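These notes concern the structure reproduced below.
The values are calculated or read from the model by the stated rules, or taken from the named source; none is laboratory data. Fair warning: this is a prediction, and the values are worked out from it, not measured in the lab. Note: ideal-geometry Cβ built from the backbone for every residue, glycine included; neighbour counts use all protein chains shown.
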Amino acid sequence: MKLSSLIFASLATLPLAACAPRQLVRHQGDAASLTQQEARERQLAGADHWTLQGRIFISNGEDGGTLNVTWTQHGGHYEFILSKPITGQSYRLAGDPQGAELDGLDGGPRHGPDAEALMRRALGWEVPIEALRAWVLGVRAQGSDARLSFGENRLPSELQQAGWTVSYPAWDTTRQPALPAKVFADKPPYKVKLSIASWSMQ
């Protein structure tokens with residue numbers, strides 16, 4: 001059995017509290033929506049020191065599971081602590097532009113040139129780590145064209161970029177600028193659904 005199947009099979013199958021997104025009102029973006037988004041992106045351009053906590057669902061189209069997640073970003077360095085909701089067994093993914101390490105698997109740590117390639121090789125997961133760093137803030141990632149749609153609150157409801165469709169079913173509007181509370185990324189057959197319980201911006 002593949003390593004990814006063994007891990008997925010052992011994960012708790014608890015669904016995210018609101019994985020099924022409500023119907024979103026979308027429009028391609030009038031001048032006011034685009035102006036507000038550009039202002040948000042300027043405000044968040046230097047946001048590279050933060051921690052979020054929540055839950056993440058990952059599926060490769062055949063296997064899937066939900067884990068608790070703590071994601072810490074310090075400039076170019078990142079660390080993900082992923083733990084099973086019931087057993088508490090954890091995995092650690094850490095890296096920077098020079099490479100990545102995945103720990104918590106049988107056989108010891110695995111290393112690779114970047115997190116995406118490492119997870120793809122070790123687990124069969126397709127998680128766009130580099131782009132997700134921008135998408136989780138509700139902004140466009142650098143390096144490729146993006147198409148935005150907005151909701152009634154003039155915040156992004158959908159972002160299409162690099163072959164992924166990223167939906168934003170919920171926002172934390174108590175923050176300025178507002179930050180996503182849910183980020184669902186889909187690139188068939190792959191899915192990544194992040195439900196954020198708390199943000200800590202530094």
- Among (1) at pLDDT 90 or above; (2) of a type in the set (K, R); (3) within 29 Å of N68 (Cβ to Cβ), R42 falls short only on (3)
- Item | Residue list for segment 174-202, filter: part of a loop (DSSP other than H, G, I, E, B), free of Cβ contacts under 8 Å to residues at least 60 places away in the same chain and farther than 22 Å from H74 by Cα | T174
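Would you point out which residue out of L137, L159, L179 is under 27 Å from G65 (Cβ atoms), in contact with a Phe, Trp or Tyr (Cβ under 6 Å, 6 or more places away or on another chain), modelled with pLDDT of 95 or more and buried (at least 21 other Cβ atoms within 10 Å of the Cβ)?
Working: L137 fails: in contact with a Phe, Trp or Tyr (Cβ under 6 Å, 6 or more places away or on another chain); L159 fails: in contact with a Phe, Trp or Tyr (Cβ under 6 Å, 6 or more places away or on another chain).
None of the others qualify; the one that does is L179.
If I filter segment 5-16 for residues that are outside any helix (DSSP H, G or I), at pLDDT below 50 and farther than 19 Å from Q89 by Cβ, do I get at least one hit?
First pass over segment 5-16, keeping only residues outside any helix (DSSP H, G or I): 11-16.
Next, from what is left, pick out any that are at pLDDT below 50: 11-16.
Still in the running and farther than 19 Å from Q89 by Cβ: 15-16.
So far as segment 5-16 goes, yes, one or more of its residues are outside any helix (DSSP H, G or I), at pLDDT below 50 and farther than 19 Å from Q89 by Cβ.
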- Complete set of residues in segment 58-72 that are surrounded by fewer than 20 Cβ atoms within 10 Å (Cβ to Cβ) and under 27 Å from S149 (Cα atoms): S59, N60, G61
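Does W171 satisfy the criteria of being within 27 Å of L102 (Cβ to Cβ) and touching a residue at least 24 places away in the same chain (Cβ under 8 Å)? Walk me through it before giving the result.
On the way: within 27 Å of L102 (Cβ to Cβ): no; touching a residue at least 24 places away in the same chain (Cβ under 8 Å): yes.
No; evaluated as a whole, the condition is false for this residue.
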- Message: Among the residues of segment 107-127, what is the count of those that are in contact (Cβ under 8 Å) with a residue 60 or more places away in the chain and either in contact with a Phe, Trp or Tyr (Cβ under 6 Å, 6 or more places away or on another chain) or at negative phi (or both)?
- Response: 5
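Output the residues belonging to segment 128-152 that are on the phi > 0 side of the Ramachandran plot and without any contact (Cβ under 8 Å) to a residue 60 or more places away in the chain. Talk me through it step by step, then tell me what you get.
Here is the first cut: in segment 128-152, the residues on the phi > 0 side of the Ramachandran plot are 138, 143.
Once the filter is applied, which keeps residues that are on the phi > 0 side of the Ramachandran plot and without any contact (Cβ under 8 Å) to a residue 60 or more places away in the chain, segment 128-152 yields only G143.
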- Residue that is surrounded by 19 or more Cβ atoms within 10 Å (Cβ to Cβ) and more than 22 Å from E130 (Cβ to Cβ), where the choices are S33, S90: S33
- Considering residues of segment 57-97 that are in contact with a Leu (Cβ under 6 Å, 6 or more places away or on another chain) and of a type in the set (A, V, I, L, M) only, the residue nearest to Q202 (Cα to Cα): V69
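Among the listed residues T51, T66, identify the single one that is closer than 23 Å to I129 by Cβ and either aromatic (F, W, Y) or modelled with pLDDT of 95 or more (or both).
Details: T66 fails: either aromatic (F, W, Y) or modelled with pLDDT of 95 or more (or both).
Sole residue among the options that is closer than 23 Å to I129 by Cβ and either aromatic (F, W, Y) or modelled with pLDDT of 95 or more (or both): T51.
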- Query: Looking at (1) surrounded by 14 or more Cβ atoms within 10 Å (Cβ to Cβ); (2) touching a residue at least 60 places away in the same chain (Cβ under 8 Å), which is the only condition I81 fails?
  - Reply: (2)
- Starting from segment 46-71, take each residue that is in contact (Cβ under 8 Å) with a residue 24 or more places away in the chain and part of a loop (DSSP other than H, G, I, E, B) and list its partners that are buried (at least 16 other Cβ atoms within 10 Å of the Cβ) and of a type in the set (S, T, Y), counting only C-beta distances under 7 angstrom and pairs at least six apart or across chains. N60/S4; N60/Y190; G61/Y190; D63/S4
- Return yes when A131 is within 23 Å of P177 (Cβ to Cβ) and either part of a helix (DSSP H, G or I) or of a type in the set (S, T, N, Q) (or both) and no when it is not. yes
- Message: Given the condition more than 18 Å from Q43 (Cα to Cα) and in contact (Cβ under 8 Å) with a residue 60 or more places away in the chain, answer yes or no: does some residue in segment 153-165 qualify?
- Response: yes
